[in-house]
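Below is one structure; the comments refer to it alone.
We did not get these values from a lab; they are worked out from the coordinates using the rules stated. Just so it is clear, the model here is predicted, and its values are computed rather than measured. Here Cβ is always computed from backbone atoms with ideal geometry, including for glycine, and neighbour counts include all displayed protein chains.
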Amino acid sequence: MNRKDLEKKSVCLVEGRFGKPDLRRIEIDDQAFMLKDVRRKNFFIRWTLGLWLIQQEWKIYSRLIGVKGVPQPVARIDRFAFAMEFIPGVPIERGETIPPSFFPDLDEVIKAIHSRGVVHMDLRHKGNILVSEKGEPFLIDFNSGFSFKEKGLLRCLFFPLFRWVDYGGLLKLKERVSPSSMTPEETDFLKRFNRLRKLWIFN
Ligand SMILES: Nc1ncnc2c1ncn2[C@@H]1O[C@H](COP(=O)(O)OP(=O)(O)O)[C@@H](O)[C@H]1O
Ligand SMILES: [Mg+2]
């Protein structure tokens, strides 16, 4: 895939606001891919925030190869864009029916990314969880995420806290989308989480 062909053949689905990447869909040999691209941002944004966002997210997707429930990375187009698997489905905010297996499956996806040393940090946002055509959860948008080195000091210090933030985000989403499936333990956890979150800088 080269940049010129991509620009000709792809369709922009979401124009990223401010410094955020554009989302472009492309079909090659009947297979669909999603591109995250900052090439069209202004010069300053493209070479600073844009470059950094693309590099960070590509690094995270590359660490999550083989994780079920995360789109697979396909190619790094150039320093401003990468391609990943296109997931046919809808963001959870527009999903009308969510099967009972959805949240337990999403819990497994989150455990799997954590086991690779990755945290998402924006699970509350309903645009970041897709419901596939089969009703399965897919986690996207690692722009706010971090990937920790295997045995680094940062991992020791922050990983437990960030994992806790992901779990709280997941329950917050579950409470909004499927309140009847919350267990009493989950409701209690969320109450404590919301109290403590008021002290949290990334609110
Ligand atoms: N791999 C993908 N497959 C299908 N749709 C996607 C994919 N990645 C993103 N999208 C769609 O694009 C929207 C925005 O993508 P996202 O990565 O969350 O970017 P942003 O940083 O703008 O929030 C998502 O809500 C989803 O509808
Ligand atoms: Mg998003």
In the range 58-74, residue farthest from PRO21 (Cα to Cα) [restricted to those that are small (Gly, Ala, Ser) and surrounded by fewer than 20 Cβ atoms within 10 Å (Cβ to Cβ)]: GLY66
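Check the range 46-60 and report whether any residue there is within 9 Å of ligand 1 (Cβ to nearest atom), of a type in the set (D, E, K, R) and not in a loop (DSSP other than H, G, I, E, B).
Yes: one or more hits.
Checking the condition within 15 Å of ligand 2 (Cβ to nearest atom) and more than 18 Å from SER147 (Cα to Cα), which residue from ARG79, ARG124 passes?
The match here is ARG124.
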Qualifying residue in the range 108-128 (condition: of a type outside the set (D, E, K, R) and on the phi > 0 side of the Ramachandran plot): yes
Check on ILE77, surrounded by 14 or more Cβ atoms within 10 Å (Cβ to Cβ), β-branched (Val, Ile, Thr) and farther than 27 Å from TYR167 by Cβ: yes
Selection count where residues are within 16 Å of ligand 2 (Cβ to nearest atom) and either surrounded by 15 or more Cβ atoms within 10 Å (Cβ to Cβ) or of a type outside the set (A, V, I, L, M) (or both), scope the range 7-57: 23
Subset of the range 13-52 [hydrophobic (A, V, I, L, M, F, W, C) and under 20 Å from PHE138 (Cβ atoms)]: LEU13, VAL14, LEU23, ILE26, ALA32, PHE33, MET34, LEU35
Every residue from the range 90-123 that is more than 15 Å from ligand 1 (Cβ to nearest atom), basic (Lys, Arg) and loosely packed, with under 15 Cβ neighbours inside 10 Å: LYS111
Residues that are under 18 Å from GLY145 (Cα atoms), of a type outside the set (Val, Ile, Thr) and free of Cβ contacts under 8 Å to residues at least 24 places away in the same chain, drawn from the range 27-65: TRP52, SER62
Conditions (1) outside any loop (DSSP other than H, G, I, E, B); (2) touching an Asp or Glu at 6+ places or on another chain (Cβ under 9 Å); number of the one not met by ASP122: (1)
